[in-house]
1. Applying the selection to the stretch 43-60, what residues are hydroxyl-bearing (Ser, Thr, Tyr) and within 22 Å of residue 29 (Cα to Cα)?
2. Could you tell me whether any residue of the stretch 25-33 is charged (D, E, K, R), in contact (Cβ under 8 Å) with a residue 40 or more places away in the chain and surrounded by 10 or more Cβ atoms within 10 Å (Cβ to Cβ)?
3. Residue check, residue 58 against (1) under 10 Å from the mean Cα position of the chain (by Cα); (2) modelled with pLDDT under 95, all met but one. Which one?
4. Report yes if some residue within the stretch 15-33 is in contact with a helix residue (DSSP H, G or I) (Cβ under 7 Å, 6 or more places away or on another chain) and at negative phi; otherwise report no.
5. Cβ contacts < 7 Å: first residue loosely packed, with under 10 Cβ neighbours inside 10 Å, restricted to the stretch 1-18; second residue not in a strand (DSSP E or B), any location; separation 6+ or different chain. Result?
6. Just the residues that are assigned to a strand (DSSP E or B), open to solvent by 70 Å² or more (accessible area, probe 1.4 Å) and of a type outside the set (Phe, Trp, Tyr), please, taken from the stretch 42-69.
Amino acid sequence: MLILDKQVSILMMKKDNNGRYLSNLNKQAKKILTEAFGGVTVKNASGTWVDNKQLYEDKSCEFTCNYAK
């Protein structure tokens, strides 16, 4: 039995700083991670931060891969 006891997660923004969607970049990342790890799980994620008392929010994709070595 194959035991995948390690995990890596990568967060990638859905839009760049100019508001343009990064769909092609995220699609490429999904393909590369699938080829490298044999599979990937993609989840919607979001995060917030404050700058000069202004609250900002990013919509992201979380790519998670499991591996043995």
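1. Hits for the stretch 43-60 are 46, 60.
2. no
3. Of the numbered conditions (1) under 10 Å from the mean Cα position of the chain (by Cα); (2) modelled with pLDDT under 95, the odd one out for residue 58 is (1).
4. For the stretch 15-33, residues in contact with a helix residue (DSSP H, G or I) (Cβ under 7 Å, 6 or more places away or on another chain) and at negative phi: absent.
5. Pairs that qualify, where the first residue is loosely packed, with under 10 Cβ neighbours inside 10 Å and the partner is not in a strand (DSSP E or B), are 2/68; 3/68; 5/68.
6. 43, 44, 46, 48, 50, 51, 54, 55, 57, 59
The values are calculated or read from the model by the stated rules, or taken from the named source; none is laboratory data. Source: prediction; values computed, not measured. Because the Cβ atoms are built from the backbone with ideal geometry, glycine has one as well, and the counts that use them run over all protein chains shown. Each accessible area value is taken on the protein alone, full model and side chains, heavy atoms only, with ligands, DNA and RNA left out. Shrake-Rupley method; radii C 1.70, N 1.55, O 1.52, S 1.80 Å.
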